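What follows is a single structure, written as structure tokens, with notes after it.
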Amino acid sequence: MFDVERFVAECRAARAEDPTHKAVREVLTRALEQPGRVLKGLGEPQRAEIQKIYHAPDLTILNVVWGAHMTIYPHNHRMWAVIGIYTGREDNIFWRRMHDGRIEAAGAQAIREREDVPLGAEIIHSVTNPIQRLTGAIHVYGGDFFAVERSEWDPEWLTEQRYDAAKTMRYFEEANVRSRSTT
Ligand SMILES: [Fe+2]
């Protein structure tokens, strides 16, 4: 059985022993060996949302549920992250800065159930859930995800602006409205 409290304790211990993402990633990789247990432990995803599992200055753990076909615009985190999928899929586009302040696509990675990927502190990514049902992912960040000053990029013009957490939450709610209108 996946025990959320034990998972948090293991991530905290890993973060304390290793300031990089590596030890935390091992904890996440181990948990994802049995994604069905993670699903049971966290509960079947019901709606697009960001659930806070743990939050401290040096570590944030989130349960991120992506709506069907939902895309979040490019953004950075300015701290390392490890993302692991316990149900569904994520497609990540990675972006790099250009001289004019905009960004261009630099790579992509498809992530599926049981897989996890580390993201460096300077990574800029956008995320799509490419499937017709909710995707559930555990996101672990090596800092205070909610406090750090960071950026997002306009999805149409790819220009940089200050990250707006309230806007992100609206995106998740809009995904829920869309799914209610199609079911
Ligand atoms: Fe992100």
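The values are calculated or read from the model by the stated rules, or taken from the named source; none is laboratory data. Not measured: the values here are computed from a predicted model. Virtual Cβ from ideal backbone geometry, glycine too; neighbours counted across all protein chains shown. Just the protein is used for accessible areas: all its heavy atoms, side chains included, with ligands, DNA and RNA removed. Shrake-Rupley method; radii C 1.70, N 1.55, O 1.52, S 1.80 Å.
Using C-alpha positions alone, give me the convex hull volume of the chain per residue in cubic angstrom.
On the way: hull volume 19.5 nm³, N = 183.
Dividing the Cα hull volume of the chain by its residue count gives 106 Å³.
The mean sequence separation of alpha-carbon pairs under 8 Å and at least six residues apart, normalised by the residue count of segment 1-152, gives a relative contact order of 31 percent. Annotation for segment 116-183: trypsin sites (Lys or Arg not before Pro) lying in DSSP loop with at most 15 further Cβ atoms inside 10 Å of their Cβ are Arg133, Arg150. Close amide H pairs (under 5 Å, H built 1.01 Å from N) link Phe2 with Gly41, residues at least 5 positions away or on another chain. A straight chain from Glu174 to Val4 at 0.36 nm per residue would run longer than the Cα-Cα distance by 58.4 nm. Take 103-109, 30-36, 59-65, 141-147 and order them by the average number of nearby Cβ atoms within 10 Å per residue, most first; the result is 59-65, 141-147, 30-36, 103-109.
Rounded to whole numbers, the Karplus 3J(HN,Hα) couplings from phi for segment 57-71 are x, 10, 6, 10, 10, 10, 9, 9, 10, 8, x, 4, 6, 7, 10 Hz, using 6.51 cos²θ - 1.76 cosθ + 1.60 with θ = phi - 60°, and x at Gly and Pro.
Per residue, segment 48-134 exposes 44 Å² of solvent-accessible protein surface, assessed with a 1.4 angstrom probe and all protein chains in place.
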